[in-house]
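Have a look at the structure below before the remarks.
What follows is calculated from the coordinates using simple rules that are stated; it is not laboratory data. These numbers come from a predicted model, not from an experiment. Note that we place each Cβ from the backbone using ideal geometry, even for glycine, and neighbour counts take in every protein chain shown.
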Amino acid sequence: MTMNPKKTKADWQAEQEHLDRIGKLADELIVRLELKAPIDPFQIIASEKPFIRARGGDLKNRCDGKLKYNKPQNVFLLFFNNKYDAGLPEGEHHARTRFSIAHELGHYFIPAHYKYLRHGGKAHPSSSEYHTHVQMEREADTFATSLLLPTHLVKPIIDKGITRQRLEDVARDFQASLLCTTIRAVRLSDEPCAVVGIRDGAIAWVFPSERLVEGGCYPRRSTLRSPTAVEQWEAFEDGSNERVEREGMLPDWFQLFSKEDELAEVYVAEHYLPIRIMNTLVVLISVEDEDLFPVDVEEDEPEEY
Ligand SMILES: [Zn+2]
């Protein structure tokens, strides 16, 4: 998610609810088609036959995919870039290719996008994961992430706790990128946590869990305030691919609005995951639930341990 410094708490919530509804569209589709991990986007395309046809080709660096409506034939043509599939066995696709196809399917299955394209809206080339600022692209990315990592299949795994190993296992089993899996895990988590992308020494995007937002923490504007994050970004720029765990302060990462005083001293765990290919330093941030939601201890009752 791109940071807009002017965004209010209400704006943020409205947008999140909108994106959650789009994610549910993808979830419902997977339930209806009874697909299992790894989700095969081509099975989804086959289920819409003859209204959509897919074709892969090496589109070089022009775009990752495109969805075009052909009016005379009343068919949607889905083009995807297969340059990432080089070296894979016939019929197998790289996680990035799968994401591109799932993204284009978003333009087909999200009703507003479908209408737009059918009524002569210009097909726009889509670029890779989470780079774009355009609202439609963000919606299609949300759809794609839910499609490849459906709630009913992924949430039970994530509910056991987000660990590095678990994220890697899910990414492998669902053939999704580690970044996509991490973002999805955070969105599905019942714990207060977030995933932050640092690019060019600044916060490029933040995905918080619902529990974190409930606790009063909102994505904050794009400057990098955490001293540990500044250090880790410098190390990343110097070529370090080390995955380290550090500790930071909550107010350095989130906008706290009315809870500024209350949460000033709360610590967070920072897991740094360098993703060189995207020139992004990803940070998984977790907060202790009791730090955000202090439990009132009844005075006349003995405390239990
Ligand atoms: Zn697109």
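The table below gives the values:
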read-out	value
Relative contact order of the chain, pairs being alpha-carbon contacts under 8 Å that are 6 or more residues apart, as %	15 percent
0 to 90° range, to nearest 10: angle between helix 178-188 axis and the chain longest Cα axis	60 degrees
Residue-span extension gain [Glu90 to Glu260] - 0.36 nm each, minus C-alpha spacing	55.7 nm
By average C-beta atoms within 10 angstrom, highest first, the peptides 10-18, 192-200	192-200, 10-18
Kirkwood Rh in Å, taken over all unlike Cα pairs in region 162-305	16.0 Å
Rg to Rh quotient for region 9-148, alpha carbon positions, Kirkwood Rh	0.96
Prolate/oblate/rounded call for region 178-223, Cα gyration tensor, a/c under 1.5 rounded	oblate
Per DSSP, loop trypsin sites (Lys or Arg not before Pro) in region 62-114 with at most 16 further Cβ within 10 Å	Arg62
Taking Ser240, Ser226, Ser100 and counting other C-beta atoms within 10 Å, the order from fewest to most	Ser240, Ser226, Ser100
Structure-based [θ]222 nm, the chain - -39500 (n - 2.57) summed over DSSP H runs of at least 4, per residue, nearest 500	-11500 deg cm²/dmol
Extension reserve of the Ala14-Glu290 stretch, reckoned as 0.36 nm per residue once the Cα distance is removed	96.7 nm
Loop GluC sites (Glu not before Pro), region 174-248 (other Cβ atoms within 10 Å of the site Cβ: 16 or fewer; DSSP)	Glu242
